[in-house]
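This report concerns only the one structure given below.
The values are calculated or read from the model by the stated rules, or taken from the named source; none is laboratory data. Remember, predicted model here, so these are calculated numbers, not experimental data. So basically every Cβ, Gly included, is an ideal-geometry build from the backbone, and we count neighbours across all protein chains shown. Note: areas computed on protein heavy atoms with side chains; ligands, DNA, RNA excluded. Shrake-Rupley method; radii C 1.70, N 1.55, O 1.52, S 1.80 Å.
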Amino acid sequence: MDKLKITGGVALNGEIRISGAKNSALPILACTLLGDTPSTVSNLPHLHDITTMIELFGCMGIQPTIDEKLSLEVDASTIKTLVAPYDLVKTMRASILVLGPMLARFGKAEVALPGGCAIGSRPVDLHVRGLEAMGAIINIEDGYIKAELPPEGLHGANFLFDTVSVTGTENLMMAAALAKGQTVLQNAAKEPEVIDLANMINQMGGHIAGAGTDTITINGVERLQGTNFRVMPDRIETGTYLVAAAITGGKVKLKDTDPHILEAVLLKLQEAGAFIDTGKDWIALDMKGNRPKAVNIRTAPYPAFPTDMQAQFIALNAIAEGTGTVTETIFENRFMHVYEMNRMGAHILIEGNTAIVMGVDKIKGAPVMATDLRASASLVLAGLVAEGETLIDRIYHIDRGYECIEEKLQLLGAKIKRVAG
């Protein structure tokens, strides 16, 4: 199993390009199932989860093709089976995003429950209840969500999410796009990735209003046609490289990104002492060689501070001047990286859902283990600023969300390489 070896102490400097957003690309790919003509999706990140979605299409009889511009064309008319098998779904929870479009377009869907997910933990039940509100007939048996349409098809409904769910909002938006009548989703997710999906559906001939607010209105249409769509830039990748520059006292420019989709993160970086400049599709950060100042963070649904940037800011606070608190309100058990950072000499205490981070002058390299996607990114950041050598194990987590992370960091001057396990 591959590992990342990092020799810390280099201030990052230079320019890199930001990849397309995985959390937008996956629902966009699922959305191609709604079109009765082929769709072409560009700016896809080269990540394992994208490959898994393409494999899932292959299992269904759909064979996407890649053109000379590395865009993916999907023709859903060749679909042969309406089953998303457990072997693939267990490796990627976002596979559930095919449930709504398969059901709405083809009248039936069988999607395995995501690995390790009882119905009710994480809001898979919201997908089911929302589709049932539109008239879907759903049974959960043998570890599968088995859904079919009533004779009259899906109809519009008013649905209130008990808790904000990004994938739940996306799944119901896609199903409602082909339902009869009007669907209103209340307490809907407001993330930029939801707006990106709504733009895709509207480009296909759909009628969605209110994306980006907590009330989304979908007027169903009889058919949707294929389209060409470019996936938005990855705001979490953008934020991670900005923190990498800040934590090392460096200066970077990130291209092909959008400063408007991570305003909460930029504000906290400025609070930490970073000088930030932005343009239409770029962000520049300069620490002027200074050590960051500790900041207080509280995660919450968009447009507040994203849970997917929490671990990176714990790494920043670990070597910052002062003490910062980081409160996690979205997910449980999302402080696994803290124990690994403390092994590197960080001084972090956990009280309930809050990490109290007392900044230290320096941390030291050590063998550490990645526990999830964003936690592993935070260990890379810690390794960049640590004295000596850091060896990060189980980096398959990183590869799920960051395209060519070591190559991009090398372009900024980092001493990082992938080594065989």
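The distance separating the Cα centre of the range 1-30 from that of the range 347-421 comes to 12 Å. By DSSP, the beta bridges lying fully in the chain are antiparallel in about 70 percent of cases.
D by Stokes-Einstein for the range 37-190, Kirkwood Rh over Cα pairs, 20 °C, 1.002 mPa s: 134 µm²/s. For the pair Thr325 and Lys364, the difference between a 0.36 nm per residue extended length and the Cα-Cα distance amounts to 11.9 nm.
Rg/Rh for the chain to two decimals, with Rh computed the Kirkwood way over all alpha-carbon pairs.
Values: Rg = 21.7 Å, Rh = 22.0 Å.
When Rh is taken as the Kirkwood radius, the ratio is 0.98.
As a calculated quantity, the FRET efficiency between Arg223 and Asn187 at R0 = 35 Å, using C-beta atoms, amounts to about 0.75.
Across the range 200-294, counting alpha-carbon atoms alone, Rg and Dmax equal 18.2, 58 Å.
Looking at the square roots a ≥ b ≥ c of the eigenvalues of the Cα gyration tensor of the range 380-421, which shape do they give, rounded for a/c under 1.5, prolate if a/b is larger than b/c, or oblate? In terms of gyration-tensor shape, oblate. Across the range 209-222, coupling constants 3J(HN,Hα) worked out from phi with the 6.51/-1.76/1.60 Karplus curve, θ = phi - 60°, read 10, x, 4, x, 10, 8, 10, 10, 10, 10, 9, x, 10, 6 Hz, and Gly and Pro carry x.
Compute the distance from the alpha-carbon center of the range 210-278 to that of the range 153-192, in whole Å. Result: 23 Å between the Cα centres.
Can you give the helix-only mean residue ellipticity at 222 nm for the chain, where every DSSP H stretch with n ≥ 4 adds -39500 (n - 2.57) and the sum goes over all residues, rounded to the nearest 500 deg cm²/dmol?
Values: 14 runs with 130 residues, N = 421.
Value at 222 nm, helices only, nearest 500: -9000 deg cm²/dmol.
At R0 = 30 Å, how high is the FRET efficiency between Thr78 and Tyr396 if r is their beta carbon distance? Nearest 0.05 is fine. List each step's numbers first, then the result.
Numbers: r = 31 Å, r/R0 = 1.04.
Given R0 = 30 Å and the Cβ-Cβ separation, E is 0.45.
Taken over the Cα atoms of the range 210-355, the convex hull encloses 141 Å³ per residue. Taking every protein chain into account, the accessible area of the chain amounts to 39 square angstrom per residue (probe 1.4 Å). Were the residues from Leu88 through Ala304 laid out at 0.36 nm apart, the gain over their Cα-Cα distance would be 74.5 nm. Entry for the range 149-199 at q = 0.30 Å⁻¹: log10 I(q)/I(0) = -1.20, Debye formula applied to identical alpha-carbon scatterers, no solvent contribution.
Our summary of shape: the Cα atoms of the range 100-240 have principal axis extents of 40, 36, 26 Å, ordered from largest down, in whole angstrom.
Accessible area of Arg400 (1.4 Å probe, protein heavy atoms only, ligands and nucleic acids ignored): about 70 Å².
Here the average projected area of the convex hull drawn through the C-alpha atoms of the range 44-85 stands at 3.0 nm².
What value does the range 162-239 have for Rg/Rh, both radii from Cα atoms and Rh as Kirkwood defines it?
Numbers: Rg = 12.4 Å, Rh = 12.7 Å.
That ratio is 0.98, to two decimals.
Between the listed residues Cys59, Ala211, His48, the Cα displaced farthest toward the positive end of the dipole of the chain, a dipole computed from Cβ unit charges relative to the Cα centre, is found at His48. Annotation: amide H of Phe305 within the under-5 Å range of Ala300, sequence separation 5 or more or interchain, hydrogens built in the peptide plane.
Under the simplified labelling scheme, the Lys415-Glu132 pair shows an inter-label distance of 5.9 nm, with each label point 7 Å from Cα along Cα→Cβ. In the range 1-113, Rg over Rh equals 1.08, where Rg is the alpha-carbon radius of gyration and Rh the Kirkwood radius from pairwise Cα distances. Counting only protein heavy atoms and a probe of 1.4 Å, the accessible surface of the chain is 50% carbon and sulfur. Taking 0.36 nm per residue of separation and subtracting the current Cα-Cα distance, fully stretching the chain between Glu389 and Lys288 would add 33.9 nm. Each peptide among 32-38, 327-333, 214-220 gets the average number of other Cβ atoms lying within 10 Å of its residues, and from highest to lowest they stand as 32-38, 214-220, 327-333. Panel values: the range 280-343, Kirkwood radius from alpha carbon pairs, Stokes-Einstein at 20 °C and 1.002 mPa s, translational diffusion coefficient 163 µm²/s. Among Val83, Ala294, Met173, which residue has its Cα furthest toward the positive end of the charge dipole of the chain, with +1 on Lys/Arg Cβ and -1 on Asp/Glu Cβ? In the chain, that residue is Ala294.
Dipole size of the range 183-303 about its Cα centre, with +1 on Lys/Arg Cβ and -1 on Asp/Glu Cβ: approximately 440 debye, rounded to the nearest 20.
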